[in-house]
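J.: Just dropping this structure here.
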Amino acid sequence: MPEEAAHSHFGKRAARYDRSANWVLDAELIGRIRDWAEAGADSSVLDLATGTGALAEAFQGRVRRVVGLDLCTDMTEHSRRPWDELVVGDAEKMPFADGAFDVCVCRQGLQFMDAPKALAEVYRVLKPGGRVVLCHLTAYGEADRETAFLVQRLRNPARRNFFMPEDVPRLLGAAGFEAVETAEYLTVESVNQWIDNGAIGADRMEGIRKAYEGASEEFRRLHCLRFQSGDILDTMKLVLARGRKGSGGKAASL
Ligand SMILES: C[S@@+](CC[C@H](N)C(=O)[O-])C[C@H]1O[C@@H](n2cnc3c(N)ncnc32)[C@H](O)[C@@H]1O
């Protein structure tokens, strides 16, 4: 079961999660997502695949209500509990009423889910006019996709989806969201830092280092790849996409 694979991976990684990549606690990135969500003081906000709540925390005290949803309690236990309510559950079958939220944010969660199913649920639980903001790692394009996806697969075998930049807004449009906009954010990540996340065995670590060492010139250029002091620095691309639920529209059928 894909949910069990995600649970097992994040169970091993939970204790080190917040320090397992620079983007996790990156205040600039978190601020951008929060600002893009345009949540008001009266908004109810769902942080989908909330993990340790690093993103949910940015809304705490600024909105009426913050709800986190995640299926891995090991992750949520390693948090400062920034939610008004934490719900343990599956994004593909959310235990929320239709129209329960004004805003939904999801950072680095959709790659573990049936993305169209999860986004159909996001659409359902948002109020008419509600806003969704996604933020996900992608390849840069055709030139780096093979190596980027190999690294992502070795890093986390629970991953079900590998995104190109255009996939993130496309998924929102396909789910029925309107006024879809995108932005990108680059994050410099130390391989020595993220490879030591508690969930990657020695054989996969070796595979990851080999993938970087064998990377093409084009991959090296796009990722500003640097080999220094025994570490590898990879500039990774995150795509942000936001959209709005129309006031009367129906979601696209699956
Ligand atoms: C990479 S972490 C992201 C955590 C958080 N959103 C952040 O930005 O730090 C991915 C999270 O997705 C959760 N997850 C994976 N599949 C899920 C599903 N089907 N339903 C709910 N949560 C899920 C995992 O348990 C994990 O906490």
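Coordinate-derived values only; no laboratory data. Computed from a predicted structure; not experimentally measured. Here the Cβ positions follow ideal geometry from the backbone for every residue, glycine too, while neighbour counts run over all protein chains shown.
J.: When Lys and Arg each count +1 and Asp and Glu each count -1, what net charge do the other residues less than 13 Å away from GLY207, Cβ to Cβ, add up to?
T.: Local net charge: +2.
J.: Less than 23 Å apart at the alpha-carbon level, and either on another chain or at least 8 residues along: which lysines does that give for LYS245?
T.: Cα-Cα hits under 23 Å: LYS93, LYS117, LYS127.
J.: Moving on to the next point. Counting every Cα pair in region 145-201, what percent are over 20 Å apart?
T.: 43
J.: Note down the magnitude of the dipole of the chain about its Cα centre, charges +1 on Lys and Arg C-beta and -1 on Asp and Glu C-beta and zero elsewhere, to the nearest 20 debye.
T.: That gives the chain a dipole magnitude of about 220 debye.
J.: Principal axis extents for region 203-247, Cα atoms only, whole Å, descending order, please.
T.: 53, 25, 20
J.: Have a look at the DSSP beta bridges in the chain and tell me what percent are antiparallel, nearest 5.
T.: 55
J.: List the trypsin sites (Lys or Arg not before Pro) within region 2-90 that fall in a DSSP loop (any state other than H, G, I, E or B) and whose Cβ has at most 14 other Cβ atoms within 10 Å.
T.: Numbers: sites: LYS12, ARG13, ARG16, ARG19, ARG32, ARG34, ARG62, ARG64, ARG65, ARG80; in loops: ARG62, ARG64, ARG80.
In loop regions of region 2-90 (DSSP not H, G, I, E or B), the sparsely surrounded trypsin sites (Lys or Arg not before Pro) are ARG62, ARG64, ARG80.
J.: What does the C-alpha gyration tensor say about the overall shape of region 1-59? Classify as rounded when a/c is under 1.5, otherwise prolate if a/b is larger than b/c, or oblate.
T.: It comes out oblate by the Cα gyration axes.
J.: In a solvent-free Debye calculation with one equal scatterer on each Cα, what is log10 I(q)/I(0) for region 107-194 at q = 0.17, 0.24 Å⁻¹, listed in the order of the q values?
T.: Reported log10 I(q)/I(0), two decimals: -0.78, -1.33.
J.: Quick check on region 157-238: take the gyration tensor over C-alpha atoms, sort the square-rooted eigenvalues as a ≥ b ≥ c, and tell me if it's rounded (a/c under 1.5), prolate or oblate.
T.: prolate
J.: Just how many % of Cα pairs in the chain lie over 25 Å apart, if you round to the nearest whole percent?
T.: In whole percent, the share of Cα-Cα pairs in the chain beyond 25 Å is 41.
J.: Please enumerate, by chain and number, the lysines with C-alpha under 30 Å from the C-alpha of LYS210, excluding those fewer than 8 residues away in the same chain.
T.: Reachable lysines: LYS12, LYS237.
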